[in-house]
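For reference, the structure discussed in these notes is given below.
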Amino acid sequence: MSNIFATFAPHFGCTLQNRLQRYEKKMENTNKSVKKHQSYWVLLFAVLICGTVNAKVNNYIGAYAQVGEWSFFPSSDSKYRTSFGGAGGVGFLYELKAGGKYSPTRFLFDVGVGAQGGMTNYIQSAAFEISLKDQTDLNGDQFDYVYRFEDRKDQYLNVAVQVPIMIGLQHNAFYMLVGAKVNANLFKKAYTSAVLSTYGHYELFPDMTPEKLDYQFFDNVPLKANANASLSNLHIDASLEIGGRLGYHSNDVGFDVPKSKVEYRLAGFVDYGVTDIHTQRSLEGYTPAEKYDIDKESPNYIYQTTTMIDNLTVNDIMATTNFASKVTNFVVGLKFTVLFQLPEDKKCVLCHDSYRSSARSYTGNRARMKYEE
């Protein structure tokens, strides 16, 4: 046994030593790699710190007003067509500008709150009919009471609280913002108008034309109704705003360079809904009275009164069955913004008010006086 151990011991010792050397080399390479990556992170962190320290940050508060065209875009499974209507809004905002002290390019961050309202339309120009089957007229004959609607138009009025959250860039006079606008609908109304005619369809007497007064049929009756619109309480729009600063502006520095603390901007904007704005409900376009019925024993029988039109309920289009799987909000228009720069907490070595008094008593070399923007 001792001979065997003496024979293989050197071999096992060399193997163990080689493994230890490889492990130490591997650990050395790993440490170098870690230190290398640590150096990269330290360098990146240093660059970010330098960029933050050297960045010039300005804060603004302001107000805006906008006007435009507003519409709803139903998905392709809708038979209704839309038309644009007017929209407008006002609001307040906070803006942060950041960038190099002498750079004409600045980073923008905007957040605000405002109100937006408008009216838009759905139109169904083609005639539309619904029938009440198996009605009985005054003579006891069976017929279908038919409603015929023409020139239907639904107007939607909506007022919403709007919170825009935008980021973008400003380069000299040009600027661009992109972001989202969160809308909380407050006032939602649908106003419907149409022209209504009614007639009776007799299966046994297809050519029969009963007197209108006897059977309470009507021609070209204006029909109007209003109800709460089937709009969701909350929806989100993606927004793009592109425009420019108005009037004089300068990126130069120096105490003799005029610097306006008020900024005016004019831009075009587009808001396009990313969420469904309508609330789907299972309603028909019109809900008529359940039955054509005049009681001969009623004291009103002599006047031939009926509730076939009085009890007709008109439902707004977006609440009807299978109207559209999705309805998208869309607004395009112009926006005017005025911004007021907030006071900056910075050292002023040469100020207009203090310059006169300090300069009179200053006895040193005035060339050493320095203006800091």
Worksheet item: Hey, S78 hits all of (1) assigned to a strand (DSSP E or B); (2) surrounded by 14 or more Cβ atoms within 10 Å (Cβ to Cβ) but one; which does it fall short on?
Response: (1)
Worksheet item: Restricting attention to the range 85-127, and to residues there that are of a type in the set (G, A, S), under 16 Å from the mean Cα position of the chain (by Cα) and closer than 30 Å to G285 by Cβ, which single residue is surrounded by the fewest Cβ atoms within 10 Å (Cβ to Cβ)?
Response: G117
Discussion item. It is to be established whether one or more residues within the range 141-158 are among the aliphatic types (A, V, I, L, M) and out of contact with any Asp or Glu (no Cβ under 8 Å at 6 or more places or on another chain).
Written reply: yes
Practice prompt. Go over the candidates N315, N329 one by one and state the one that is under 30 Å from N226 (Cβ atoms), at pLDDT 80 or above, under 26 Å from the mean Cα position of the chain (by Cα) and surrounded by 13 or more Cβ atoms within 10 Å (Cβ to Cβ).
Written response: N329
Worksheet item: out of contact with any Pro (no Cβ under 7 Å at 6 or more places or on another chain) and farther than 30 Å from Y80 by Cα: does that describe F143?
Response: yes
Worksheet item: Within the range 240-249, is even one residue surrounded by fewer than 16 Cβ atoms within 10 Å (Cβ to Cβ), aromatic (F, W, Y) and at pLDDT 75 or above?
Response: no
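Quick check on this structure: which one of V178, V146 is of a type outside the set (D, E, K, R), within 30 Å of A229 (Cβ to Cβ) and loosely packed, with under 15 Cβ neighbours inside 10 Å? Give the steps one after another, and end with the answer.
Working: V146 fails: loosely packed, with under 15 Cβ neighbours inside 10 Å.
Just a single option satisfies the conditions, and that option is V178.
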Discussion item. I'm checking my understanding of the structure. Among residues of the range 59-78 that are in contact (Cβ under 8 Å) with a residue 12 or more places away in the chain and among the hydroxyl-bearing types (S, T, Y), which one is farthest from E95 (Cα to Cα)?
Written reply: S78
Worksheet item: Does the range 130-149 contain any residue that is under 31 Å from the mean Cα position of the chain (by Cα), modelled with pLDDT of 85 or more and part of a strand (DSSP E or B)?
Response: no
Worksheet item: What is the number of the single condition among (1) without any contact (Cβ under 8 Å) to a residue 60 or more places away in the chain; (2) part of a strand (DSSP E or B); (3) over 22 Å from G86 (Cβ atoms) that G179 does not meet?
Response: (1)
Worksheet entry | Given (1) in a strand (DSSP E or B); (2) farther than 30 Å from H278 by Cβ, number of the condition K153 does not satisfy | (2)
Worksheet, complete the sentence: Selection from the range 332-351 of residues assigned to a loop (DSSP other than H, G, I, E, B) and either among the β-branched types (V, I, T) or modelled with pLDDT under 60 (or both) yields K346, K347, C348, V349, L350, C351
Response to the item:
Within the range 258-306, restricting to residues that are among the β-branched types (V, I, T) and touching a strand residue (DSSP E or B) at 6+ places or on another chain (Cβ under 7 Å), the one that is modelled with the highest pLDDT is V270
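The values are calculated or read from the model by the stated rules, or taken from the named source; none is laboratory data. Owing to the predicted nature of the structure, the values given are computational and were not obtained by experimental measurement. Counting neighbours? That spans all protein chains shown, and the Cβs are built from the backbone with ideal geometry, glycine included.
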